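The values are calculated or read from the model by the stated rules, or taken from the named source; none is laboratory data. Treat the numbers as computed from the prediction; the structure is a model and nothing was measured. Heads up, the Cβs are rebuilt from the backbone with ideal geometry, glycines too, and the neighbour counts pull from every protein chain shown.
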Amino acid sequence: MRRRLPLIVLSVVVAGLAVAAGWLGVISLQNKEEADQQAKAIQSGRQMGVNLMSLNVDTAQKDLDRIVDGTTGELKNKLASQSKAFMDQVTKAKAKSSVSDVEAALVSMDDDSAEVMVSLTGTVTNDKVKNGTPQSYRYQMDLTRVDDRWLVSGLEVVP
């Protein structure tokens, strides 16, 4: 009987360690998935900021398509319905813009929505302003996860 007791204790300890290792493995995978989704949401917001400030009269339709492709819901519908007016305005002004110093940060997130703040410097030139002056822009973006993509569903310029 005395010889069995250490064997039973050892078995219980091994089983406990196996359960703990499995639990830690599951937690680790969940943390990695959460970190991956956070990184994807931040990158999507950052890319939208770049897209919004990377316009060129020569590639305006492609630039607009790229912006619309990164959106969903009511925002996508609104941008798509205003595309002709946007194209007319960019073409008439012969506008070009460029972006630098892009920063993005996650404000909040759950399984299928996130809020991201994007800060960047943009320079706009056109027929009237030949040498644009760099200006700071900040956007608050609401993102929605659609399949495995984070798309902008709300956009606001923040002073």
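The condition (being modelled with pLDDT of 70 or more, out of contact with any Gly (no Cβ under 9 Å at 6 or more places or on another chain) and over 26 Å from Glu103 (Cα atoms)) is satisfied by just one residue among Ala15, Ala35, Ala39: Ala15.
In region 95-134, how many are part of a strand (DSSP E or B) and either surrounded by 12 or more Cβ atoms within 10 Å (Cβ to Cβ) or in contact (Cβ under 8 Å) with a residue 40 or more places away in the chain (or both)? I'd like the intermediate steps shown before the answer.
We begin by selecting, within region 95-134, every residue part of a strand (DSSP E or B); these are 96-109, 113-125.
Subsequent filtering for residues that are either surrounded by 12 or more Cβ atoms within 10 Å (Cβ to Cβ) or in contact (Cβ under 8 Å) with a residue 40 or more places away in the chain (or both) retains 96-99, 102-107, 109, 113-125.
Of the residues in region 95-134, 24 are part of a strand (DSSP E or B) and either surrounded by 12 or more Cβ atoms within 10 Å (Cβ to Cβ) or in contact (Cβ under 8 Å) with a residue 40 or more places away in the chain (or both).
Can you report the number of residues in region 139-159 which are surrounded by 12 or more Cβ atoms within 10 Å (Cβ to Cβ) and farther than 13 Å from Met48 by Cβ? Looking only at that region, the number is 2. Among the residues of region 72-94, which ones are in contact with a Leu (Cβ under 6 Å, 6 or more places away or on another chain) and not in a helix (DSSP H, G or I)? Answer for region 72-94, where residues must be in contact with a Leu (Cβ under 6 Å, 6 or more places away or on another chain) and not in a helix (DSSP H, G or I): just Thr72.
Scoring Phe86 on the criteria (1) modelled with pLDDT of 95 or more; (2) of a type outside the set (Gly, Ala, Ser); (3) surrounded by 16 or more Cβ atoms within 10 Å (Cβ to Cβ) leaves a single failure, condition (1).
Count of region 125-159 residues, restricted to those that are of a type in the set (S, T, N, Q) and within 21 Å of Lys78 (Cα to Cα), is 3.
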